[in-house]
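All remarks here apply to the structure that follows.
Values quoted throughout were computed directly from the atomic coordinates according to the rules given, and no laboratory measurement underlies them. Note that the coordinates shown come from a computational prediction; the quantities given were computed from them, not determined experimentally. Positions of Cβ are generated from backbone atoms using ideal geometry, with glycine treated the same way; all protein chains shown enter the neighbour counts.
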Amino acid sequence: MHDYNRRAKIYWFLVAGIGYALLAHAAFVVASLDHAALLQILIGAGLTAFVSFFPVHIPRAKIAVVGGEIFIFLTLLLFGVEAAVLVAAVDGLVGAKRSSKRWTSWFGTPAMATITMTITGTLFVLLKAALQFYGLLNAASLLLALTLFSVLYYFGSFVLPSTLIALKRNEPISPVLWLKNLSWIAVAYISSAAIAALLHEVALKYGVVVLVAAIPIIVMFLMSAHFIFDRSKAVEESQAKLLEMAKRESMIAIEHAVELKISEERFHSAFTNAAIGMTLVDQSGNILQVNQAACRLFGYEERELVGTALRGLLPAEDVTLLLKDIAALHDGGKSPAQRELHCFNKAGDRLSVAFNVSYFQKAASYPADVIVQIQDISDRKKIEESLLHIAYHDALTGLPNRVYFRAQLAKAIARLKRNPAAQFAVMFLDFDRFKSVNDSLGHSAGDQLLIAFSKRIQAALRPADMVARLGGDEFAVLVEDMQSSTSALDLAKRLQEMFKEPFRTNDTDITSSASIGICYSAARHETPDEVIRDADLAMYKAKASGKAQHAVFDLSLHDRATADLLLENELRRAIAVGELRLHYQPQHRFGDRSLYGYEALVRWAHPKRGLLYPATFLGVAQETGLIFPIGRWVITEACAQMKRWRDKNQNRDQNRDREHGNAQTLRMSVNISSHEFNQPNFVPFVIDTLGEAELPAECLTIELTESALMDGAKGGVAALNALRAAGVKISIDDFGTGYSSLSYLATLPIDSLKIDQSFINQMTETPESKEIVRAITTLGRALGKSVFAEGVETEAQWRTLVELGCDYGQGNLCSPAISADEIAQRISGSRLIRVAT
């Protein structure tokens with residue numbers, strides 16, 4: 001405070017004292033609210049802070065509009081003055097951190113925001129209560145009261161800091177002059193108040209959760225404004241003349257909009273100069289008048305359009321829909337009709353357009369006409385089609401994905417129900433020894449092999465057939481319009497022959513084959529999943545018969561049942577005699593590349609088949625209930641191992657913490673299936689196990705897949721809350737591969753998101769996968785969750801994840817999953833953990 005005089009210091013300490021006293025009172029009041037309200041207030045504060053990091057810098061001004069007032073005003077409406085005080089203080093602190101390096105600003109700004117909100121918010125609450133007492137409270141009066149409050153809040157927001165500046169500079173205190181110079185900012189406050197009032201009404205009608213859908217829109221609006229203002233600053237001089245012309249045209253447009261209510265002549269002027277295409281159509285659908293925007297859209301002169309039928313510009317399939325809307329208006333309908341149709345321009349190009357058809361009465365003595373507003377949405381449609389393609393197609397091969405395949409298969413089942421002659425078949429393909437390719441040549445070679453496989457499958461299909469990648473090395477083919485009962489078998493034989501030719505990958509010839517299961521359509525099939533399941537069973541039957549085989553599904557499948565029974569018996573024996581093992585994969589921080597913790601992964605030391613991975617036996621374990629003793633053993637052993645490491649770490653040289661991690665702070669992650677999680681005694685078991693191991697609960701992280709969370713969403717929330725209350729961390733594993741609701745995800749008590757390795761594998765190869773990783777990382781930060789990346793295999797992937805702001809990672813680049821003995825050797829100093837550089 002070296003530049004503060006005596007009066008400024010007194011004023012600063014007085015304001016800070018009052019502000020933080022009010023802030024403490026607000027915190028005390030808010031702390032008494034229920035957990036749901038507290039969570040929503042914290043989300044509001046977090047969003048306000050997030051928005052504050054993206055200020056909209058106004059060209060030729062030293063002021064930035066932040067936009068956090070929307071969430072501040074909305075918090076006031078939903079939760080009262082004290083909650084709004086806390087959010088306003090957060091907004092003030094972030095704004096001060098962003099714009100100043102002085103500690104006096106960091107401490108003083110939140111206090112001033114607290115005082116301003118306490119005074120103005122209390123006045124607003126009193127005014128609202130008065131309106132309610134006299135029966136005048138409604139949406140309109142609430143908006144008016146909130147607008148008045150926003151003006152007062154704007155006044156207080158500038159008077160308090162401006163007074164401090166005047167005292168520091170020994171200048172006269174002139175709030176009127178300050179407000180006059182910054183009066184335009186009041187518009188932003190009033191706009192924020194209007195938006196908050198609208199969101200409040202929506203929340204009252206549909207619930208607070210629906211506001212989650214509005215958050216991306218508000219954030220996108222502010223970021224778009226930020227981008228636009230930055231761009232306008234760069235091209236300001238070169239576009240000065242255009243800007244002046246735009247201002248004049250805007251003024252003309254405003255004048256026309258006002259005069260529209262006065263005379264029909266001014267209506268025609270506004271109609272002519274409208275920015276979107278507009279046509280005036282009579283009862284027969286003939287164009288009476290058309291504006292310049294519509295002429296530009298269709299590529300015709302005005303004289304060429306007037307007098308012609310509007311239907312002549314539309315394809316036949318859309319004409320009926322448009323004429324139906326026009327007829328409905330002439331028959332007495334008053335509400336505008338909106339449709340997305342197509343039209344042709346003079347050059348014959350097919351355009352996607354949005355039609356808005358509304359009623360227009362020229363005068364009482366004249367028949368009513370119809371105004372048709374037409375807006376070109378071709379670009380938007382292309383973007384939507386691109387997004388749909390991403391949603392329904394595999395990023396690696398470009399083939400339809402599981403979701404699209406299921407949809408097409410559902411249509412085939414429906415056709416079969418209507419017409420028993422519309423027989424079809426589904427082929428399930430799983431490539432033999434594909435994992436060995438990944439293990440020996442790397443995932444990049446495996447990806448190239450999958451692409452080559454997909455091309456050969458497509459080459460063998462008829463136009464009526466469809467192939468999709470279901471995931472990993474699994475493909476499915478839908479064979480329709482079968483000319484004979486052997487069509488699918490013939491196709492399977494052709495594919496097997498094509499696969500015999502070696503694949504060229506990274507200058508290496510790879511010979512592979514596929515096991516193919518065939519399921520013919522039957523009346524018993526009701527859902528796509530049933531057909532895929534039967535084809536999958538047939539594929540396992542083919543795989544059990546050897547490589548490069550195909551098999552047709554039959555109801556018995558004795559071979560598969562026998563194999564599963566044998567595996568189940570061996571697994572029971574393995575549990576009893578202690579053949580299960582735990583391997584641990586290190587997890588590292590991307591920031592400083594230090595060790596964060598380990599993920600415990602179960603292995604089966606089979607006496608004949610060697611070390612088996614979970615994919616070999618966990619499927620049978622889940623089907624037979626053996627997953628429960630396996631899961632409990634994994635949690636117990638993982639906690640006990642972490643305790644042993646912590647005890648041993650107390651005598652270790654602390655200089656090696658960066659390479660090996662300090663066991664006192666390391667975390668242990670354990671994967672839990674939905675079967676285990678949904679057990680009623682799961683939470684007590686976890687808590688008791690931690691107690692028996694004398695291990696702090698925060699050392700343990702439970703990993704659940706999206707499907708596990710969503711399948712047991714309602715019943716599982718209580719279990720999640722209980723685990724979180726005990727201190728256990730919760731993580732969503734394989735995030736991005738399930739179908740979780742984002743609105744529900746925001747309310748789940750979770751700590752971190754774990755990006756599935758399928759996205760990491762393609763991140764440096766395909767822009768789509770990188771954008772998915774970026775979106776998940778951004779989502780995690782917006783929700784206050786840590787973000788993990790699994791399956792990090794290359795240095796390029798590591799650097800990209802650092803760039804995208806991912807928090808933690810694991811994968812073979814740093815270290816594969818290893819035994820506890822190997823980790824003990826590294827901790828003792830005999831070997832170093834490899835850390836990505």
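Things to note:
- A simple spin-label model places the labels of SER594 and GLN408 5.2 nm from each other, with each point 7 Å out along Cα-to-Cβ.
- Oblate is the label for segment 754-820, because the ratio a/c of its alpha-carbon gyration tensor axes (a ≥ b ≥ c) is 1.5 or higher and a/b is not greater than b/c.
- Annotation: amide H of SER786 within the under-5 Å range of SER752, LEU753, sequence separation 5 or more or interchain, hydrogens built in the peptide plane.
- Burial ranking of peptide ranges 495-502, 607-614 (average Cβ count within 10 Å, highest at the top): 495-502, 607-614
- Computed from backbone phi with θ = phi - 60° and the Karplus coefficients 6.51, -1.76 and 1.60, the 3J(HN,Hα) list for segment 468-478 is 9, 9, 7, x, x, 9, 9, 10, 9, 10, 9 Hz; x is used for glycine and proline.
- Evaluating 6.51 cos²θ - 1.76 cosθ + 1.60 at θ = phi - 60° for every residue in segment 82-87, the Karplus couplings come out as 4, 4, 5, 4, 5, 5 Hz, glycine and proline recorded as x.
- In this simple spin-label approximation, LYS547 and HIS35 carry label points 7 Å from Cα along the Cα→Cβ vector, and these lie 5.4 nm apart.
- Potential extension, GLN496-GLU694 segment - 0.36 nm per residue separation minus Cα distance: 65.6 nm
- Set of aspartates and glutamates near LYS101 by C-alpha distance (under 18 Å), chain-local residues within fewer than 8 positions excluded: ASP3, ASP91
- Most to least packed among 11-18, 574-581 [average Cβ atoms within 10 Å]: 11-18, 574-581
- With the highest mean first, a sort of the peptides 110-118, 808-816, 699-707 on other beta-carbon atoms found within 10 angstrom per residue produces 110-118, 699-707, 808-816.
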